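Heads up, the thing below is written out as structure tokens.
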Amino acid sequence: MFNNEVKSVDKEFFTIKKELDYLNYFNPVNFDREKGVFFEKFYNGNIYNPIFKYNTISLVKYKKLKRRINNLDLSNLKNKSLVKIFKFYKEDLRNRLELIYSIGDDRKIFNAAKKVFGIVEDDKFELSMNNVRKVNSLFPKNKYDVQISKDEFLDKVKKAFKDNKIYWDVQFREEGAFASVDTAKKILFLKTGDGRYSNLFVDILIAHEIMGHIRQSVEAKKIGLKIFETGFGYYELIHEGWALYNEEDKNSEVKNRIYIYYIATYIASNKSFYETFCFLLKFIDTENAYAMTARVKRGFEDTSIKGSFLKDKAYLEGYLDVMSMNMETLDMVGKVIFDLRYKKEVIDVMYLGKNSKETKNT
């Protein structure tokens, strides 16, 4: 167990992180309307770039969170590894707050995203372009696949939770991504859709979200610090890479999907919404091309401006990182959500969590 000073700092970091879930802000409130306008224009041969609107963070809340981050006090922590991790996490929280505050501000959003997710790279774009295939779906099709109901879907998810001793909640909602994880609140969100679901797709979702993301978070809880449950720094790379590693047995299209994600992110970083959409039509149909373009243009109001949300490049980067790991590191990745650059410090802290004598003076 860690001492009370460490737990207090960790709790405040965790509490702030819960309020910095960018998915609460990045989904356009007028998504359906703009999609309708886009396709009406597109099928009539006209160019149109959606104008997205968002539920933005208030100035009062922004200032309050900024003050809380700045006031995080690490002066009483003695262990160097802990101090280094918390300092880096503190800067990461600042960057994520600025990213959320920049939503809808087209002058700032792209640079703010770079500070959180990094930049796209030419070599990974070329790798993606050299390996991508044209597909009818981003997920595999199987003639033996069957459609299941919402209740059957829910039963399969709950069974996966029970089998893995995971005590999370699952909630359906109308908007947002088809599946997303809130590790801070311990909720798996699923999109309602039309009430019928591919059984194969549900199996893929369970492998990715539950056996990947959620199980990783549950294992991280055993360390004794909440920051490892939610991740810090460029943790999205390893977080997504590990989930894709778990998904691969169920999904033959996994590599192709992440190539398309990277291509979309790269093109959107340099082109408008309409140009990105047209480029993606080389590989996927209009419906998927629109969804993918809207995904990588999240946060922008005027999508005619070049720039991307950048998170979706993490899928390819994380997958490549995970696939290159030795078994020791791979085992570690399955037990903690962290930034790979801080592997040494994380190992030190994981050891501290198991050694009560060391943590008394931490």
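Here is how the numbers come out for the structure above:
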{"quantity": "Pairwise Lys count, the stretch 79-131 - Cα closer than 24 Å, eight or more residues apart or different chains", "calculated": "10"}
{"quantity": "Loop trypsin sites (Lys or Arg not before Pro), the stretch 260-314, which have at most 13 other Cβ atoms in a 10 Å radius of their Cβ (DSSP)", "calculated": "Lys282"}
{"quantity": "Cα centroid separation, the stretch 3-42 to the stretch 271-329 (Å)", "calculated": "18 Å"}
{"quantity": "Alpha carbon centroid spacing (whole Å) that separates the stretch 97-168 from the stretch 58-78", "calculated": "30 Å"}
{"quantity": "Whether the stretch 230-308 is rounded, prolate or oblate, judged on the alpha carbon gyration tensor where a/c under 1.5 counts as rounded", "calculated": "oblate"}
{"quantity": "Share antiparallel - DSSP beta bridges, the chain, percent rounded to 5", "calculated": "60 percent"}
{"quantity": "222 nm mean residue ellipticity, helices alone, for the chain (DSSP H n ≥ 4; -39,500 (n - 2.57); rounded to 500)", "calculated": "-16500 deg cm²/dmol"}
{"quantity": "Burial ordering of Thr183, Thr303, Thr286, Thr192, fewest other beta-carbon atoms within 10 Å first", "calculated": "Thr192, Thr286, Thr183, Thr303"}
{"quantity": "Ranked Tyr315, Tyr48, criterion: other C-beta atoms within 10 Å, fewest first", "calculated": "Tyr48, Tyr315"}
{"quantity": "Rg/Rh ratio calculated on Cα atoms of the chain (Kirkwood radius)", "calculated": "0.97"}
{"quantity": "Furthest towards positive pole of dipole, Asn46, Leu65, Leu23, structure part the stretch 1-116, Cβ charges", "calculated": "Leu65"}
{"quantity": "Radius of gyration and Dmax over the Cα atoms of the stretch 206-261, both given in Å", "calculated": "12.3, 37"}
{"quantity": "Among Gly104, Gly45, Gly318, residue whose mean-square fluctuation peaks in a GNM of the chain (springs only between Cα atoms under 10 Å)", "calculated": "Gly45"}
{"quantity": "Ascending count of other beta-carbon atoms within 10 Å, so fewest first, for Tyr167, Tyr22", "calculated": "Tyr167, Tyr22"}
{"quantity": "Rounded to whole Hz, the Karplus (6.51, -1.76, 1.60) HN-Hα couplings of the stretch 327-334, x for glycine and proline", "calculated": "5, 4, 5, 4, 4, 5, 4, x"}
{"quantity": "DSSP-defined antiparallel bridges as percent of all bridges, the stretch 63-212, nearest 5", "calculated": "60 percent"}
{"quantity": "Charged-residue dipole, Cβ positions (Lys, Arg, Asp, Glu), the stretch 143-254 about Cα centre, Debye nearest 20", "calculated": "500 debye"}
{"quantity": "Dipole in debye (nearest 20) - the stretch 27-148, about Cα centre, beta carbon charges: Lys, Arg +1; Asp, Glu -1", "calculated": "740 debye"}
{"quantity": "Normalised alpha carbon radius of gyration of the stretch 59-151 [divisor 2.2 N^0.38 Å]", "calculated": "1.75"}
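Coordinate-derived values only; no laboratory data. Please read all numbers here as calculations on a predicted model, not as lab measurements. So basically every Cβ, Gly included, is an ideal-geometry build from the backbone, and we count neighbours across all protein chains shown.
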